[in-house]
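Asks: Take a look at this one; I'll ask things after.
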Amino acid sequence: MDAMLGPSQRPWWHAACPAVIRYAAWWAVGAVVLATGSQAFAESLSTSNTSDPIKALIKICEPPRTGHPPGEEPQNCYTRHLHELIRTQGPTIAMLTLYQLADTSAGFGNSCHATAHHLSEAMYARVGNVAEAMALCQEGCAYACQHAVLTAYLRQLPQGTPPDFERLCPQGQHGDGLTHWQCAHGAGHGLVHHFSDVQQALTACKEFSLPLGRKFCALGVFMERSFEIVRTQSPPSDPRHHLKLCATVEPHLRSDCYYYFISLVSWASRGSVPAMFEACEALSDETKPGCYRGIGRTLLVQYVDREGEVIPACRSGKAAYAADCWLGFASNLATARGLDRGFTFCAKLPEEARIRCSKDLGVAIRLRWADSVRIAAECQKAGGSLYVRACIDVKLSAGEPILRSP
């Protein structure tokens, strides 16, 4: 029956797990049939100034008050036109247009990551060289380009050929978007397809020499595997079925595994939030915080524009872990809608949780920028000297907080 409903009529659980992908670095939503309707727009890029064609494309895909063509939502519209740009104007212009749209259109931001995944895979196929393709990636759209390019590259790499992570993700790759950590995360996504086996992919992640690189690679493995399950399988009768995999990985990785896989409980239970809390409660004390953070991540789709309501929602589980749920929501909200929104949500939390929230976003800032002046400026958004200091003083090597890459 759900297949007969329009997007606005479907219950939120229908998109619960896929929408996690949309807002936190999520997988693309399927093939889009390319059309030739964007030819005129593509040609205008070579004859007009930059702002006019960008605004023209926004009007095409987000027409004011007139709605959209039947069957075409803004994400499909943008994807179709950007693919046409690759065909007619080349990868460089297409990717620049993508990032300009991300900076210009608030509406495009909702589908930025998924659209960038689509476009970046097509860009890599056109360029044919992983280093050249990575050079066209920027940090926008939650690093979707890096993730997509590395996934496409590792998917087609012969299994007998070991990935050269030192070349793909050099350790000097810090700040300004092309970070070593996000590169490692993207490699984790790709390793799932390269090996078709989670354990082998996690073993390959150990090739990263830095501990944080190994961690981000493993996070990419868990994230991609959870997406693959939704893409390729039907929901199991036991909503907790897929959590069994997390019990088989090395102990220090289990919390990160539950962080991503708890969304599969929601998917398999038709969006049941209580089912997620019950599943987390059945875990060991060491893995419960990561699991509860994963609940916060999963709740983002339902509460992204109603973040005040997520506070009591997280309290509906064990009160001792409510803050972990809030922090999972905050970090993914910051990724999906920007640091300003993340810090605004942090400000709504009780003091102790707000301090932890400020630390979490401080980790995100340090992973993104290396310049101390820029870090201090971004942390000012935490508001109040206590929270600003918590944001600035955080160390990447600290055990708390642990910010998952979306």
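Asks: Over the alpha-carbon set of region 170-233, work out the extent along each principal axis and list the three values in angstrom, largest first.
Replies: The Cα atoms of region 170-233 stretch 39, 22, 15 Å along their principal axes.
Asks: Given a cut-off of 32 Å, name the pairs among Lys206/Lys359; Lys244/Lys381; Lys215/Lys348 whose C-alpha atoms lie farther apart than that in the structure shown. Mind dumping the intermediate values first?
Replies: Details: Lys206/Lys359 27 Å; Lys244/Lys381 40 Å; Lys215/Lys348 30 Å.
Table pairs above 32 Å Cα-Cα are Lys244/Lys381.
Asks: Compute the separation of the alpha-carbon centres of region 221-263 and region 139-166 and state it in Å as a whole number.
Replies: 21
Asks: Among 225-236, 95-106, what's the highest-first ranking by average C-beta atoms within 10 angstrom per residue?
Replies: On the way: 225-236: 16.3, 95-106: 18.8.
Those peptides, ordered most packed to least, come out 95-106, 225-236.
Asks: Gap in Å between the Cα centre of region 292-321 and the Cα centre of region 338-394?
Replies: 20
Values quoted throughout were computed directly from the atomic coordinates according to the rules given, and no laboratory measurement underlies them. Note that the coordinates shown come from a computational prediction; the quantities given were computed from them, not determined experimentally. All Cβ positions, even for glycine, are placed from backbone atoms using ideal geometry, and neighbour counts span all protein chains on display.
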